[in-house]
Structures are given as C-alpha cells and as structure tokens.
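Everything on this sheet refers to the single structure shown next.
The values are calculated or read from the model by the stated rules, or taken from the named source; none is laboratory data. On a predicted model such as this, the values are computed, not experimentally measured, just so you know. Because the Cβ atoms are built from the backbone with ideal geometry, glycine has one as well, and the counts that use them run over all protein chains shown. We work out accessible area using only protein heavy atoms, side chains counted, and drop any ligands, DNA or RNA first. Shrake-Rupley method; radii C 1.70, N 1.55, O 1.52, S 1.80 Å.
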Amino acid sequence: IRLMDSQNQTILRIGLGGNNKLLIGWGSSIEYADVEFAPGDTYFLVARIVTSQSGNDTIQLKAYGINDVIDLEAPGAWDKVKAVNMSGVASQLRVELDRDNMAGIDEIRIGTTWESVVVPEPAAMSLLALGGAVIVKRRKK
C-alpha cells in the first residue's frame, strides 16, 4: 500500500516484502519488521500513522494471524515502529499486488481511532450476536 503525493511520488509504503516480512518504506529507505508471513495464511494488518507538525511522524505496524486475539485497544507493543520524516501531503492511496505472488486484500479500513478500524461495524456485530444466540440455543436442546 502506498501513500502518494499529487506528483505520484511515494510518501510512504507499507506492506509485505519479497522476504515475506512486513515493511515500512519512505523516500529511498525500507525497513523490515521481524514478523514473517507464512505463504497461504490469512493475516489482519493494522498500520497507524501519527503525524507531527514539527519533527518526525511515527509509523506503527501490527499483524494478527488467524488464531490471534485482536486487541480491543491500541496495543502497547507493535511489531514495527519507525519515526520518519514524511514530507509532502498524501493525495492518493495506491494498492499494488505483485504479479509474481498470489495475494488478496479483503478490505481496507481507514479511521481516526483504534476502534473504528479494528472493531466490527454494528451490523456485523448484530449478525455475530444472532449467530451466537443460535449456537447457544442449539446447545441447550
């Protein structure tokens, strides 16, 4: 995923590198997290960008595997944290998939709070609650 400016210059890159590790890229620099993705597995990736008017901006990445419990509040420990100086204003969000690797993106959520990105929307919660009620009812018979 790339944040681009109006001249199509990359301000920030977040994603998966050829080494199957999370990456943060800005300018001509790239850094990798110690988290390695297993091919064929499903992950939930959260990226948090904290901007600053003076000084560096902070990029935080957290990956959850299919069996991981997703934090209901912003985690105390992130998989990768990097302070960078992102100059420019992002006007584009570009999603790119490498043609040599099979990958898919189910959805992208953009929000201003942890809850708006991580917690399911009310309609989905209602369906989960209904499904839970059906399971409980079946068990009682």
query: Is region 12-76 rounded, prolate or oblate when judged by the Cα gyration tensor, a ≥ b ≥ c being the square roots of its eigenvalues, rounded requiring a/c under 1.5 and prolate requiring a/b larger than b/c?
result: oblate
query: Got a sec? What order do Leu23, Leu93 fall in by accessible area at 1.4 Å, biggest, i.e. largest, first?
result: Leu93, Leu23
query: Taking amide hydrogens as modeled 1.01 Å from N in the peptide plane, which residues meet the under 5 Å criterion relative to Leu16, leaving out close sequence neighbours?
result: Leu23
- line: Computed over region 1-124, protein heavy atoms only, probe 1.4 angstrom, the accessible area per residue in square angstrom equals 68 Å²
query: Across region 7-14, in residue order, what do the Karplus-derived ³J(HN,Hα) couplings come to in whole Hz, using 6.51 cos²θ - 1.76 cosθ + 1.60 with θ = phi - 60° and x for Gly and Pro?
result: 9, 6, 8, 6, 8, 8, 10, 9
task: Grab the other residues whose beta carbon is less than 13 angstrom from that of Val35, score K and R as +1, D and E as -1, and report the net.
output: -3
field: Where labels lie 7 Å past Cα in the beta-carbon direction, separation of Val95 and Thr58 in nm
entry: 2.8 nm
- prompt: Given H placed 1.01 Å from N in the peptide plane, which residues other than close sequence neighbours of Asp79 have an amide H under 5 Å from its amide H?
  reply: Leu61, Lys62, Ala63
- line: Shape call for region 49-99, from the Cα gyration tensor axes a ≥ b ≥ c (a/c under 1.5 means rounded, otherwise prolate when a/b beats b/c, else oblate), comes out oblate
field: Carbon plus sulfur fraction of accessible area for region 52-116, probe 1.4 Å, in percent
entry: 46 percent
